[in-house]
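Peer 1: Quick one: the structure is below, questions incoming.
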């Protein structure tokens with residue numbers, strides 16, 4: 001079974017050029033997963049009554065088209081593409097409602113944990129097997145990571161986890177890590193570029209009061225970087241993000257488009 005949900009691009013999820021941000025797109029995806037799981041009676045608020053909750057361990061995103069413009073509507077269509085004893089993979093496609101153009105595709109990996117012990121638990125048996133559709137929107141899961149240059153490491157953003165960073169699981173919201181890596185690349189590099197793919201791997205939880213440091217490494221591919229986010233307590237790696245960039249396309253001035261005048 002595939003499931004779809006619609007989202008308007010609003011002032012809360014655009015960049016300074018009136019275009020949908022990566023954070024906004026990932027918010028749409030995660031919200032659609034939550035809605036789908038609610039239909040199955042497996043939303044986080046259902047499971048938390050029995051000391052269980054969902055966590056994300058990996059996200060892959062491909063962005064082949066320029067970011068969609070305000071105030072287009074985005075349709076997220078997702079499905080469960082793979083299940084194992086400890087993991088559930090969701091694949092998805094994001095399309096513009098009015099043009100029908102696919103602007104993004106990707107997948108995410110979810111696991112069940114005990115809230116009190118913070119340990120992975122088996123999730124097999126929770127979701128019926130007939131819900132699985134073995135189609136991969138963005139290629140195979142568990143892509144091999146790019147090698148990166150340890151000698152090219154440079155320091156980036158420092159951050160202390162605060163209350164506004166926390167999600168319903170009480171740890172740092174996974175989308176908060178992305179700007180730490182992006183901003184660490186510097187304005188000179190970011191000007192005139194946009195991301196066209198990213199891989200995010202969540203390795204450990206960051207909780208209220210934790211201090212985090214970001215380090216950037218060039219990879220073996222041009223315009224590709226790995227961002228490592230480490231806990232200052234023990235130096236453990238919390239999150240790793242691989243980002244590939246491309247030159248930003250020339251786009252029509254929003255003031256001259258017909259769509260924003262006649263939505």
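Peer 1: Looking only at region 227-235, decide whether some residue is in contact with a strand residue (DSSP E or B) (Cβ under 6 Å, 6 or more places away or on another chain) and surrounded by fewer than 18 Cβ atoms within 10 Å (Cβ to Cβ).
Peer 2: Taking region 227-235 first, the residues in contact with a strand residue (DSSP E or B) (Cβ under 6 Å, 6 or more places away or on another chain) are 227-232.
Add one more test, that the residue is surrounded by fewer than 18 Cβ atoms within 10 Å (Cβ to Cβ), and what stays is 232.
Checking region 227-235: at least one residue is in contact with a strand residue (DSSP E or B) (Cβ under 6 Å, 6 or more places away or on another chain) and surrounded by fewer than 18 Cβ atoms within 10 Å (Cβ to Cβ).
Peer 1: Follow-up question, since we're still on this one. Answer with yes or no whether residue 183 is outside the structural domain of residue 65 (by TED's automatic domain parsing), part of a strand (DSSP E or B) and either touching a residue at least 12 places away in the same chain (Cβ under 8 Å) or under 27 Å from residue 81 (Cβ atoms) (or both).
Peer 2: Working: outside the structural domain of residue 65 (by TED's automatic domain parsing): yes; part of a strand (DSSP E or B): no; either touching a residue at least 12 places away in the same chain (Cβ under 8 Å) or under 27 Å from residue 81 (Cβ atoms) (or both): yes.
Spelling it out, it is not the case that residue 183 is outside the structural domain of residue 65 (by TED's automatic domain parsing), part of a strand (DSSP E or B) and either touching a residue at least 12 places away in the same chain (Cβ under 8 Å) or under 27 Å from residue 81 (Cβ atoms) (or both).
Peer 1: In region 187-204, what count of residues is obtained for those that are touching a strand residue (DSSP E or B) at 6+ places or on another chain (Cβ under 9 Å) and more than 30 Å from residue 113 (Cα to Cα)?
Peer 2: Keep residues of region 187-204 that are touching a strand residue (DSSP E or B) at 6+ places or on another chain (Cβ under 9 Å), which gives 189-190, 192-204.
Still in the list and also more than 30 Å from residue 113 (Cα to Cα): 189-190, 192-196.
Residues that pass the stated criteria total 7.
Peer 1: Please go through (1) free of Cβ contacts under 8 Å to residues at least 24 places away in the same chain; (2) surrounded by 19 or more Cβ atoms within 10 Å (Cβ to Cβ); (3) farther than 24 Å from residue 168 by Cβ for residue 63 and return the number of the only condition it doesn't satisfy.
Peer 2: Of (1) free of Cβ contacts under 8 Å to residues at least 24 places away in the same chain; (2) surrounded by 19 or more Cβ atoms within 10 Å (Cβ to Cβ); (3) farther than 24 Å from residue 168 by Cβ, only one is false for residue 63: (1).
Peer 1: Looking at region 13-41, which of its residues are under 17 Å from residue 95 (Cβ atoms) and free of Cβ contacts under 8 Å to residues at least 24 places away in the same chain?
Peer 2: 13, 24
Peer 1: Considering every residue within region 14-27, establish whether at least one is under 18 Å from residue 137 (Cβ atoms) and in a loop (DSSP other than H, G, I, E, B).
Peer 2: No, region 14-27 contains no residue that is under 18 Å from residue 137 (Cβ atoms) and in a loop (DSSP other than H, G, I, E, B).
Peer 1: Taking residue 200 as meeting all but one of (1) assigned by TED's automatic domain parsing to the domain that holds residue 216; (2) assigned to a helix (DSSP H, G or I), write down the number of the exception.
Peer 2: (2)
Peer 1: Still on this model: Which of the residues spanning region 9-41 are over 16 Å from the mean Cα position of the chain (by Cα), at negative phi and surrounded by fewer than 18 Cβ atoms within 10 Å (Cβ to Cβ)?
Peer 2: 10, 11, 12, 15, 16, 17, 35, 38, 39, 40
Peer 1: Separate question: In this structure, does residue 168 turn out to be closer than 30 Å to residue 39 by Cα, out of contact with any strand residue (DSSP E or B) (no Cβ under 6 Å at 6 or more places or on another chain) and surrounded by 12 or more Cβ atoms within 10 Å (Cβ to Cβ)?
Peer 2: It is true that residue 168 is closer than 30 Å to residue 39 by Cα, out of contact with any strand residue (DSSP E or B) (no Cβ under 6 Å at 6 or more places or on another chain) and surrounded by 12 or more Cβ atoms within 10 Å (Cβ to Cβ).
Peer 1: Which of the following residues is out of contact with any helix residue (DSSP H, G or I) (no Cβ under 6 Å at 6 or more places or on another chain), free of Cβ contacts under 8 Å to residues at least 24 places away in the same chain and more than 28 Å from residue 16 (Cα to Cα): 151, 188?
Peer 2: Sole residue among the options that is out of contact with any helix residue (DSSP H, G or I) (no Cβ under 6 Å at 6 or more places or on another chain), free of Cβ contacts under 8 Å to residues at least 24 places away in the same chain and more than 28 Å from residue 16 (Cα to Cα): 151.
Peer 1: Against the condition without any contact (Cβ under 8 Å) to a residue 24 or more places away in the chain, in contact with a strand residue (DSSP E or B) (Cβ under 6 Å, 6 or more places away or on another chain) and surrounded by 18 or more Cβ atoms within 10 Å (Cβ to Cβ), how does residue 95 come out, does it pass?
Peer 2: Yes.
Peer 1: Kindly check whether there is at least one residue in region 42-52 that is in contact (Cβ under 8 Å) with a residue 40 or more places away in the chain and surrounded by 20 or more Cβ atoms within 10 Å (Cβ to Cβ).
Peer 2: no
Peer 1: Only residues that are surrounded by 17 or more Cβ atoms within 10 Å (Cβ to Cβ) and either more than 23 Å from the chain's Cα centre (by Cα) or over 12 Å from residue 84 (Cβ atoms) (or both): list them for region 106-139, please.
Peer 2: 106, 107, 108, 113, 137, 138 - these are the residues of region 106-139 that are surrounded by 17 or more Cβ atoms within 10 Å (Cβ to Cβ) and either more than 23 Å from the chain's Cα centre (by Cα) or over 12 Å from residue 84 (Cβ atoms) (or both).
Peer 1: Same structure, new question: Kindly state which strands (runs of 3 or more DSSP E) lie completely within region 51-169 and contain at least 2 residues that are outside the structural domain of residue 2 (by TED's automatic domain parsing).
Peer 2: The strands (runs of 3 or more DSSP E) meeting that bar are 154-160.
The values are calculated or read from the model by the stated rules, or taken from the named source; none is laboratory data. Here the structure is a predicted model, which is why all the values come from computation and not from measurement. Virtual Cβ from ideal backbone geometry, glycine too; neighbours counted across all protein chains shown.
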